[in-house]
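Notes for the one structure printed next.
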Amino acid sequence: MKLFGFLNSRSAKAVEENEMLPQIEAIEGTNDEDTSSIEEGKREASNIVTITYGTGMPIDVIFNFVRKDYENEGYNNALISTDPTYKSTKEGMIRNDLKTLFTQVTLKYKNDIRMLDVEIDNYKQACLFSSVSAMESRRSTFEEHLGKIREMESQLDNDAPRMMIMIESYRRGFLKGMAAKAGSIICA
C-alpha cells in the first residue's frame, strides 16, 4: 500500500507545480513572423559596416573644424545682440580656436615623429629592415601632414577663402539674424 501512496503524493506535487506555472495564451493578431523579423533585425545589426573618411589621423580634426557650420550660431547671436564688435569678436574667437588646433596637431605630429625616430633606430639595430621601411613611410606621411598644416596656417593668415569657410558661415548667419530681428521690429 505504501508503494501506491508514494505515487499518489508525487502526482499531487506535479499538479501543484502545474498550477503554479503561468499559462501563456495565444493573443490574436500575433504570429511567428513578428519574432522572425526581430531576429533578422538583430542579425542585420551585427553586420553593420562602418565607413570612415579622411586619414584617421590628427589632421582630420582641423579639416572637421574648417568644415563646421557656424550659421546657426551667428543667427542666434544676432538675435541677442546686433553689435558689430560682438560679431568681430566672435570671428576672432573662431580664428584663434583654429590656430590653437594648428598648434595642438603640430605638437602631436612632432611628438609622433620623435617616437618613430626612436623606434626606427631600435629596429635598425635589431636588423628588422621591413619594419624600418614601414615606419619611415609613416614618418614621411606625418611630415607631409605637417607641411599641409603649415600651408593651411599661411592661408588663414592671408584670409584665403578656403580657410575662411567657418567665419563666412558665421557672418552669413549673423546677417540673417540681423535681418530677422529688423523684420520683427518693422512688423511690430
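Summary table
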item: Förster radius 41 Å - calculated FRET efficiency between K108 and S81, Cβ distance, rounded to 0.05; result: 0.65
item: Three-way shape call for the range 59-187 based on the alpha-carbon gyration tensor, with the a/c threshold at 1.5; result: prolate
item: In nm, spacing of pseudo-spin labels at V118 and K148 (7 Å Cα→C-beta vector); result: 2.7 nm
item: Sequence of T55, T85, T141 once ranked by neighbouring C-beta atoms within 10 Å, starting from the fewest; result: T85, T55, T141
item: Full-extension gain in nm, I186 to Q155, via 0.36 nm per residue minus C-alpha separation; result: 7.1 nm
item: Proximal charge balance of N77 [Cβ under 13 Å; K/R count +1, D/E count -1]; result: +2
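No lab work stands behind these numbers, since they all come straight from the coordinates. Predicted, not measured: the structure shown is a model, and the values here were computed from it. Neighbour counts are summed over all protein chains in view; Cβ atoms, including those assigned to glycine, are modelled from backbone coordinates with ideal geometry.
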